[in-house]
Each structure stands twice: as structure tokens, then as C-alpha cells.
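*Asks:* Before we start, here is the structure in question, set down as C-alpha cells.
The values are calculated or read from the model by the stated rules, or taken from the named source; none is laboratory data. From a predicted model like this one, the values you see are computed outputs, not experimental measurements. Here the Cβ positions follow ideal geometry from the backbone for every residue, glycine too, while neighbour counts run over all protein chains shown. The area values use the complete protein model at the heavy-atom level, side chains included, leaving out ligands, DNA and RNA. Shrake-Rupley method; radii C 1.70, N 1.55, O 1.52, S 1.80 Å.
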Amino acid sequence: MKGRIIVTGATGSMGSAATEALARQGIPVLMACRNLDKAAAVRADILHRVPGADIEVRPLDLASMASVRAFAESVEPGSVTALFNNAGVISKGFRLTEDGFENTFSVNYFGPWLLTLLLLPKLPKDAHIVNMVSLTCRFVSLDEGALQPGEKEFSQLGTYARSKRALLSFSMELARRYPDLHVNLADPDVVASDMIDLGHWYDPLADVLFKPLCKSPQAGVSPALRALAEETHNRYYVGRQSRDIPSRYIDPSLDETIWKKTQTLINV
């Protein structure tokens, strides 16, 4: 890996693990984070363990398209070489953003979609773009109507899974439209992170019985780090393997439909 890498959601468990792993390799990182105080603390903690690491923090709230545009505008052409769309959320309840998008879809799909497209002119033609998806994608279907769920259609895990399925669709269409890019997918499996705390009464019990069986953040982010480093195209990284995109997700017509609907909704 060469040049500065943008890591979104860099204050989360996997985002901070990715930032530290890259820093240990001497790779500059641009932490794109909503909570700047938390980002500063994470950065300081990493610098304590990796003195001299080149880590910069800038504000990015993927629940706000205005914030996405401002962040992209702040990136100088040629200053970064790769983008890791790592940020993700499982919203505890139905909530619309200032742009009228359901919050989970905004953070997990619309924000990364717009960010990636705005950064393309500033990235090398053969830049690496890695999008973090989820094993939950296999349990849901996707159509253009799913991009804007109403309160009755909302569910924590179902909406999360469909937002990640939409990101998967975007990745495949992006790879088709920009064949020189190294666009790849990373699936962390089930990771012991705060994101799997769903706000239910049984969460403390799950902490004791379930989380010890989950992967560590360092293990969960490992597939994405390999995807950033390898000269591959349109591959699905999970565990210690990379493979072709599973056939159940291959639907070019759907990908084009979702892309065009997203363009309309975001007004790009």
C-alpha cells in the first residue's frame, strides 16, 4: 500500500484497529470521523503505541450529505490513494436524517455512495476502494423501494442487512463503470464490537455468552486490510480467503437500477 488511506468510522473498534495496523506499516491515515473528541483520543492512543505515525483527523458525518460534500471538498487531488468505507451503524429505532433518509441507510449506504463518487476525481485511476459489507446480506432481498424504508418496514437487523446489500450492489456497479479501480468487498464476520449491542434487555447476557465467541476487531478488519493491499478487482474477502463475488449477488440489471435510483435521491 502506498500513499494516504481514508478510513471512515475510524473511532469504532474495527476502524481504530485498521488505523493502527496501517500506522504500524508506516502508511499515512486520514481518519474520517463524526465525533472529533473521540477521534482525537483514539489518535493519541495509537500515537502512544506507534510514535511518529502519520495520522490526521477530519470531520465526516455520513448521516449528513452536506458533511459528506464538505469532507470530499477538503481532500486535495492526489493527496490520498485509497478509501476504506468502514463506517457502519445498526440504528436502534426508526429515524430520518436531515436529508430525509432513514439513518441506517444514510450511514451505511447513501453516505459512502456519495463520498466515493465525489472522491473519484481526486483519486488515482487505479485507486483501491474497499467497502465493508456483512454476512447478513444473504438473508435479505433488494429492490429500489428498499432504499427508503418507512417506519413500518424498519427493523434493526433487516434494515441494516438491506443497507449493506445496497452497498454491495453499489460496489459491483462501481467496478463495472470504473474497470481500472481496485474495488473489493470485505466481510468481517461477527465481531465483538459495540455495534452488536442492540439496546435490548438481554445485551448484558449476550456480552457474557455470545461476545467471547465473536472475532476480535483486529481479526474482523484483517480481510479489509488484505483487500487494500492486493492488486485484485471485484473480490469478496472473508476470513483468510478472497473469492469471486457469490453468484446470489450477481444481478447487473438490479445494480444499474439501484445506482440510478440513488442518483435521483441524492440529486447527483
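*Asks:* Quick one: in segment 54-89, which of the residues that are assigned to a strand (DSSP E or B) and under 18 Å from Gly12 (Cβ atoms) is most open to solvent (accessible area, probe 1.4 Å)? Explain how you work it out, then say what you get.
*Replies:* In the first step, residues of segment 54-89 are kept if they are assigned to a strand (DSSP E or B); the result is 55-59, 80-85.
Next, only the ones that are under 18 Å from Gly12 (Cβ atoms) stay: 55-59, 83-85.
Details: Ile55: 8, Glu56: 60, Val57: 46, Arg58: 52, Pro59: 76, Leu83: 1, Phe84: 0, Asn85: 5 Å².
For segment 54-89, the residue satisfying everything is Pro59.
*Asks:* Give me the pairs: first residue in segment 228-247 and β-branched (Val, Ile, Thr), second residue part of a strand (DSSP E or B), beta-carbon distance under 8 Å, and six or more apart or on different chains, which are they?
*Replies:* Matching pairs, first to second residue: Thr232/His182; Thr232/Asn184; Thr232/Ser242; Val238/Ala186; Val238/Asp187; Ile245/Leu185; Ile245/Arg235; Ile245/Tyr236.
*Asks:* Would you confirm whether or not segment 149-162 contains a residue that is open to solvent by 10 Å² or more (accessible area, probe 1.4 Å) and closer than 17 Å to Ile266 by Cβ?
*Replies:* Yes, segment 149-162 has at least one match.
*Asks:* Under 7 Å between Cβ atoms, which residue pairs at least 6 apart in sequence (or on different chains) link something in segment 160-182 that is over 11 Å from Ile258 (Cβ atoms) with a partner that is among the acidic types (Asp, Glu)?
*Replies:* Filtered contacts from segment 160-182: Asp180/Asp126; Leu181/Asp126; His182/Asp126; His182/Glu231.
*Asks:* Could you list, in sequence order, all residues of segment 76-105 that are under 18 Å from the mean Cα position of the chain (by Cα) and of a type in the set (A, V, I, L, M, F, W, C)?
*Replies:* Scanning segment 76-105 gives Val80, Ala82, Leu83, Phe84, Ala87, Val89, Ile90, Phe101, Phe105.
*Asks:* Moving on to the next point. Inside segment 102-133, can you point out the residues that are open to solvent by less than 10 Å² (accessible area, probe 1.4 Å) and assigned to a loop (DSSP other than H, G, I, E, B)?
*Replies:* Correct list: Ala127, Val133.
*Asks:* With among the hydrophobic types (A, V, I, L, M, F, W, C) and touching a helix residue (DSSP H, G or I) at 6+ places or on another chain (Cβ under 6 Å) as the only criterion, which of Val68, Val80 stands out?
*Replies:* On inspection, the qualifying residue turns out to be Val68.
*Asks:* Please specify each residue of segment 134-159 satisfying the condition of being small (Gly, Ala, Ser) and part of a helix (DSSP H, G or I).
*Replies:* Across segment 134-159, the qualifying residues are Gly145, Ala146, Gly158.
*Asks:* Can you tell me how many residues in segment 44-53 are assigned to a loop (DSSP other than H, G, I, E, B) and open to solvent by 60 Å² or more (accessible area, probe 1.4 Å)?
*Replies:* Number satisfying all stated conditions: 2.
*Asks:* When segment 11-23 is examined, which residues are found to be over 10 Å from the mean Cα position of the chain (by Cα) and of a type in the set (Gly, Ala, Ser)?
*Replies:* Within segment 11-23, Gly12, Ser13, Ser16, Ala17, Ala18, Ala21, Ala23 meet the criteria.
*Asks:* Sticking with this one: Can you find a residue in segment 165-178 that is at pLDDT below 95, open to solvent by 20 Å² or more (accessible area, probe 1.4 Å) and not in a helix (DSSP H, G or I)?
*Replies:* no
*Asks:* Which of the residues that make up segment 250-265 are over 18 Å from Leu115 (Cα atoms), open to solvent by 60 Å² or more (accessible area, probe 1.4 Å) and part of a helix (DSSP H, G or I)?
*Replies:* Matches in segment 250-265: Pro252, Ser253, Glu256.
*Asks:* Would you confirm whether or not segment 16-33 contains a residue that is of a type in the set (Lys, Arg), assigned to a helix (DSSP H, G or I) and either in contact with a helix residue (DSSP H, G or I) (Cβ under 6 Å, 6 or more places away or on another chain) or loosely packed, with under 14 Cβ neighbours inside 10 Å (or both)? Let's see the steps before the verdict.
*Replies:* Applying the first criterion (of a type in the set (Lys, Arg)) to segment 16-33 yields 24.
Filter once more, keeping what is assigned to a helix (DSSP H, G or I): 24.
Of the ones still in play, those that are also either in contact with a helix residue (DSSP H, G or I) (Cβ under 6 Å, 6 or more places away or on another chain) or loosely packed, with under 14 Cβ neighbours inside 10 Å (or both) are 24.
For segment 16-33, residues of a type in the set (Lys, Arg), assigned to a helix (DSSP H, G or I) and either in contact with a helix residue (DSSP H, G or I) (Cβ under 6 Å, 6 or more places away or on another chain) or loosely packed, with under 14 Cβ neighbours inside 10 Å (or both): present.
*Asks:* Still on this structure, please answer the following. Only one of (1) without any contact (Cβ under 8 Å) to a residue 40 or more places away in the chain; (2) open to solvent by 20 Å² or more (accessible area, probe 1.4 Å); (3) in contact with a helix residue (DSSP H, G or I) (Cβ under 8 Å, 6 or more places away or on another chain) fails for Ala41. Which number is that?
*Replies:* (3)
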